[in-house]
Amino acid sequence: MGSEQGPAVANRPRVEGDREAEIFQGVLEVLIELGYDRLTFDAVASHVRASKATLYRKWPTKAELVVAAVEHLKSSSQEHGQIPDTGSLEGDFTVEFCEAPDYNESSSQVFRSIVPALHRDPELTRLFNERFIAPRRALIRDAMERAQARGEIGASADLDVLAAIVPAAITLEVMTSGEAPTPQFIQTVIREVFLPACRASIES
């Protein structure tokens, strides 16, 4: 199923500030209620009391509209642009995955509404990877490289494979339980799976 797309328009209206935030919140609410496949510009326009033409002019496709709303949710919850350097890999990952507000009930519901549609909508997949997955992966890799420089990870370790362990466990938990993972769950993954794998890379 491809992205819903509106008519081509040369000039985009100025939808900014509080009004843009209201629209994004409405998009997320419709997304959670209907799922990505059933979300339409008509449904969003009705929910946020805006004209469909206004939405189309600013966000020409459904994928762009949804990913922009997810970006807004992510940016409004983040307090920092990088993973803080606590001096240890366990500390860095605990702050990032247990104390950051990204893994709350609302964001988990949004995530569950998008993931099933990724393999059906190439544009959604591309935008989601470019604007959400890739930047997050880069931040995690930076923290991994710091840990490697401290000797907490082997010099020849595959950082991309190791970096995927915690996010993969969180994704599985969200998709199978339908709820945001608890800090206790994430800490267990970090201490019993992720850190032992990093230590093993030193010895291999």
Problem set entry | Rg over Rh [alpha-carbon atoms, Kirkwood Rh] for the range 35-162 | 1.07
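Only helical DSSP H runs with n ≥ 4 go in: add -39500 (n - 2.57) per run for the chain, normalise by residue count and round the 222 nm mean residue ellipticity to 500 deg cm²/dmol.
On the way: 12 runs with 123 residues, N = 204.
About -18000 deg cm²/dmol.
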Problem set entry | ³J(HN,Hα) computed for each position of the range 153-169 - Karplus, 6.51 cos²θ - 1.76 cosθ + 1.60, integer Hz, glycine/proline x | 9, x, 5, 9, 5, 7, 5, 5, 5, 5, 5, 7, 4, 5, x, 5, 5
Exercise. At a probe size of 1.4 Å, how large is the accessible area of Thr171, to the nearest 10 Å²?
Worked result: 50
For this session: State the percentage of accessible surface on the chain attributable to carbon and sulfur atoms; use a 1.4 Å probe and exclude ligands, DNA and RNA.
Result: 50
Seminar exercise, completed: Reported to the nearest 10 Å², Asp37 has, with a 1.4 Å probe, an accessible area equal to 50
Exercise. How big is the range 142-189 by Rg and Dmax over its Cα atoms, in Å?
Worked result: 13.1, 37
Problem set entry | Shape call, the range 119-202: gyration tensor on alpha carbons, a/c limit 1.5 | oblate
Exercise. Just how large is the dipole of the range 116-204 about the Cα centre, in debye to the nearest 20, putting +1 at every Lys and Arg Cβ and -1 at every Asp and Glu Cβ?
Worked result: 160
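In Å³ and rounded to a whole number, note down the convex hull volume per residue for the Cα atoms of the range 85-157. Please report the intermediate quantities before stating the final value.
On the way: hull volume 7.8 nm³, N = 73.
Measuring per residue, one finds 107 Å³ for the Cα hull of the range 85-157.
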For this session: Set the Förster distance to 35 Å, then compute FRET efficiency between Glu22 and Leu172 from the Cβ-Cβ distance, nearest 0.05.
Result: 0.60
For this session: Roll a 1.4 Å probe over the protein chains and send me the accessible area per residue for the chain in Å².
Result: 51
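The values are calculated or read from the model by the stated rules, or taken from the named source; none is laboratory data. Model, not experiment: these values are computed from the prediction. Here Cβ is always computed from backbone atoms with ideal geometry, including for glycine, and neighbour counts include all displayed protein chains. When the accessible area is computed, the model is the full protein with side chains, heavy atoms only, and any ligands, DNA or RNA have been set aside. Shrake-Rupley method; radii C 1.70, N 1.55, O 1.52, S 1.80 Å.
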